[in-house]
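Reading through the structure tokens given below for one structure.
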Amino acid sequence: MHRIECAEFLLSRFTTHERATAIAGDLTELESTSFGFWCAVSHTAIALSTRFWLGVFVSSAAYVFAQRVAALSWGEGNSITGLAGLFTACMLLFSMIAAYSAVRLGLTDPVTKSAAAISSFSFIAVLFRGITWVPVASGVLTVLFIFALLLFAQGRKALLSILLAGAASFLGLWATWQLIGVVDPNQEAFGNLRWPLGLLILGLSSAVGIAAALPPSSVGQANSRPSSVE
Amino acid sequence: MWSGLGEFEQIVLLAILRLSDEAYGVSIRAEIAERTGRTPSPGALYTTLDRMEEKGLVVSRIGDPTPQRGGRAKRYFRVTKAGTCAVKRAQDAYRRLLEGFEILGGASA
């Protein structure tokens, strides 16, 4: 029985728990030998993980893009602190979550829509930082939007998923940053983490964090497809 | 009109239609192997089923757990009205393309 549970755990990284359970059962029925079973499980996991890896790649690309926008806006190498830093961090983080969620969960998923909305407010604040009222309005809109999300069950679930993904992303970023500090203390190889190598590594580690934290089944799917679990 | 269905999607939909209430992963794979002579890999089959469910061409329901499957339930599939229409459109397109040819042993118009 142990191998079915292991297979179930592996498959549930890339699909919903119900589907993973059914697939593990099917493969048990289909393959009598351990070797055949694990070959089938591996093949299925690889086939199911396509979107996972595509999501990680697109999310990393979003990170690189947002970093370049921030660098163009604030100037290379400048440390961004205070409210400006908060907006920049939100822009980076939420654009990554939105990008990953769009690929993995779909464009209409509440997680995608919520992360994209918050990310857009931050993008506008960073891009038009010279006009004082724009960042202020963006900040107010972000707070109001979060309050609006809290009023609905789906919104609360989406917000929770986004917070978890954000925390995991930050953890991935922080761990990689520490590792870079050990491997390359003077940041020679990474060139102050400028385009392309350093940014890509940080983007990937952050995106893997998001991918690990966001569930394969979306908030929207769980509510709109009762027929899947009768 | 283009049905938007790939060849493998059509095969899977037809296998589900043939199996009726008994269509789940293992039986669909066996039906395809028996009828076409090609055994699809489990990975290809499950990703196709997931994709078709997202497109609304099939729906699934979870059955009762069975001991020979380690207590795991079967996931039964059913073709939706949209799925049936998509298969019909694809078959109509094939039929129209075949009109006037003798490659099916005189089954032409």
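Measuring heavy-atom accessible area with a 1.4 angstrom probe and counting protein chains only, the residues of the range A:27-51 that give up at least 50 Å² relative to the chain alone are A:Glu29, A:Leu30.
The protection proxy used here, the mean number of other Cβ atoms lying within 10 Å of each residue, ranks peptides A:52-59, B:77-84 as follows, highest first: A:52-59, B:77-84. Interface burial in the range B:54-88 reaches 50 Å² or more for B:Glu54, B:Ile62, B:Arg69, B:Arg72, B:Arg75, comparing the full protein assembly with the chain by itself; accessible area from heavy atoms with a 1.4 Å probe.
Inter-chain neighbour count for A:10-21: the average number of beta-carbon atoms from partner chains within 10 Å of each residue's beta-carbon is 2. Overall, the protein assembly as shown carries a charge dipole of about 580 debye about its Cα centre when +1 sits on the Cβ of Lys and Arg and -1 on the Cβ of Asp and Glu, all other atoms neutral.
So, in Å, what gap is there between the alpha-carbon centers of the range B:50-72 and the range A:1-43? Taking the Cα centre of each part, the range B:50-72 and the range A:1-43 sit 14 Å apart. For the protein assembly as shown, carbon and sulfur atoms together expose 66% of the accessible surface, with a 1.4 angstrom probe and every protein chain in place. Surface analysis of the protein assembly as shown yields an accessible area of 52 Å² per residue, using protein heavy atoms and a 1.4 Å probe. Only Lys, Arg, Asp and Glu carry charge here, each on its Cβ (+1 for the first two, -1 for the last two); on that basis the range A:12-153 has a dipole of about 440 debye about its Cα centre. For a straight C-alpha distance cut-off of 25 angstrom, the lysines reachable from B:Lys81 (same-chain residues fewer than eight places away being disregarded) are B:Lys55.
Mean per-residue shielding of peptide B:25-36 is 2, counting Cβ atoms of other chains within 10 Å of each Cβ. Among A:101-112, B:11-22, sorting by the average number of other beta carbon atoms lying within 10 angstrom of each residue, highest first, gives A:101-112, B:11-22.
Taking both sides together, the accessible area buried where A meets B is about 2200 Å² for a 1.4 Å probe.
As a test of the definition: which semi-axes, in Å, follow for the protein assembly as shown when you take the square root of five times each eigenvalue of its alpha carbon gyration tensor? Largest first, please.
Ellipsoid half-lengths, sorted descending, are 45, 24, 20 Å.
Ranking B:Ala93, B:Val59, B:Leu49 by how far each Cα lies toward the positive end of the dipole of the range B:41-98 (charges on Cβ) leaves B:Ala93 at the top.
The values are calculated or read from the model by the stated rules, or taken from the named source; none is laboratory data. Note that the structure is a prediction, hence the values are computed from the model and not measured. Please note: Cβ atoms are built from the backbone with ideal geometry, for glycine as well, and neighbour counts cover all protein chains shown. Just so you know, the surface numbers come from the protein's heavy atoms only, side chains and all, with ligands and any DNA or RNA stripped out. Shrake-Rupley method; radii C 1.70, N 1.55, O 1.52, S 1.80 Å.
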